[in-house]
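Input: a single structure, listed below in structure tokens.
The values are calculated or read from the model by the stated rules, or taken from the named source; none is laboratory data. In this text the structure is predicted, and so the values were computed from the model without any measurement. Every residue, glycine as well, gets a Cβ built from its backbone with ideal geometry; the counts of neighbours run over all protein chains shown. Heads up: the accessible areas ignore ligands, DNA and RNA and are worked out on the full protein's heavy atoms, side chains in. Shrake-Rupley method; radii C 1.70, N 1.55, O 1.52, S 1.80 Å.
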Amino acid sequence: MLGLHRFNEADAGAAEEALLACCGSHRWALRLTAHRPYPDIESLLAAASEASYDLRPADLAEALADESWMPQPLLGMRAPGSQAAHTALRAAHAAYEARFGHVFVVCLEGVVPEEMLDTVLTSIRTRLANDPDEERLIAADELRRIALTRLEHLVATHSAPAAR
């Protein structure tokens, strides 16, 4: 994790790598890296949001592909719930990926663990009815929200970056 000062002062490669952990689009990370220094976290988050809205289809596909290989269980699978609910969630994830060709993403910031499984399952089921263009816009906005949350966590601390 980097504080804002450390992020602003980091070499371009380290800053880009840190940003790629927030959003897997190289274009997004390069744009934010190139516009440093940021005077405050709000300015950085505004720039990140703007860069997210400018993602091209290939950039979005790159970011979604990055989400799919992250070493984590399917979204919502760690949430408390019945075996039947978890089975339904696995099936919904599979149906979503088959329909849209990428992993399901939704920002769960502020959702309590007890509501996570239902929130994810309801979101997937609702979004399965979307046409591909509409779903691409929704997925892009969810990725933007996720990236902003990750970026805020990244720069909210003043700890030194981990040695590589």
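Which one, ILE41, TRP28, LEU89, projects farthest toward the positive side of the charge dipole computed for the chain from Cβ point charges (K/R +1, D/E -1)?
Positive-most Cα among the choices belongs to LEU89.
Hey, what do the phi angles of the range 136-143 turn into as Karplus ³J(HN,Hα) couplings, whole Hz, using 6.51/-1.76/1.60 and θ = phi - 60°, x for Gly and Pro?
For the range 136-143, the Karplus-derived couplings read 4, 5, 5, 4, 5, 5, 5, 4 Hz, x marking Gly and Pro.
Just need the relative contact order of the chain here, percent rounded to a whole number, with Cα pairs under 8 Å and 6+ apart.
38
Does the range 92-158 classify as rounded, prolate or oblate by the C-alpha gyration tensor (a ≥ b ≥ c root eigenvalues; a/c under 1.5 gives rounded; else a/b over b/c gives prolate, otherwise oblate)? Walk me through the numbers before you get to the answer.
Numbers: a/c = 2.72, a/b = 1.57, b/c = 1.74.
Since a/c reaches 1.5 but b/c is at least a/b, the shape of the range 92-158 is classed as oblate.
Compute the Cα gyration tensor for the chain, then decide on rounded, prolate or oblate, letting a ≥ b ≥ c be the square roots of its eigenvalues: rounded whenever a/c is under 1.5, prolate when a/b is larger than b/c in the other cases, and oblate in all that remain. Show your work: numbers first, answer last.
Working: a/c = 2.34, a/b = 1.69, b/c = 1.38.
Taking the square roots of the gyration eigenvalues as a ≥ b ≥ c, the chain is prolate.
With +1 on each Lys and Arg Cβ and -1 on each Asp and Glu Cβ, how big is the dipole of the chain about its Cα centre, in debye rounded to the nearest 20?
Values: 15 positive and 24 negative charges, 68 e Å.
The calculation lands at about 320 debye.
Between 0 and 90 degrees, rounded to the nearest ten: what's the tilt of helix 57-69 against the longest Cα principal axis of the chain?
So the inclination is approximately 70 degrees.
Taking H placed 1.01 Å from N in the peptide plane, check which residues at least 5 places from GLY3 or on another chain put their amide H under 5 Å from its amide H.
It is SER159, by chain and number.
Over the chain, give the accessible area per residue in Å² for a 1.4 Å probe, as an integer.
54
For the range 21-62, state what percent of all Cα-Cα pairs lands in each successive 5 Å bin, counting from 0 Å until the bin that includes the largest distance.
That works out to 5, 25, 34, 22, 9, 4, 0, in percent per bin.
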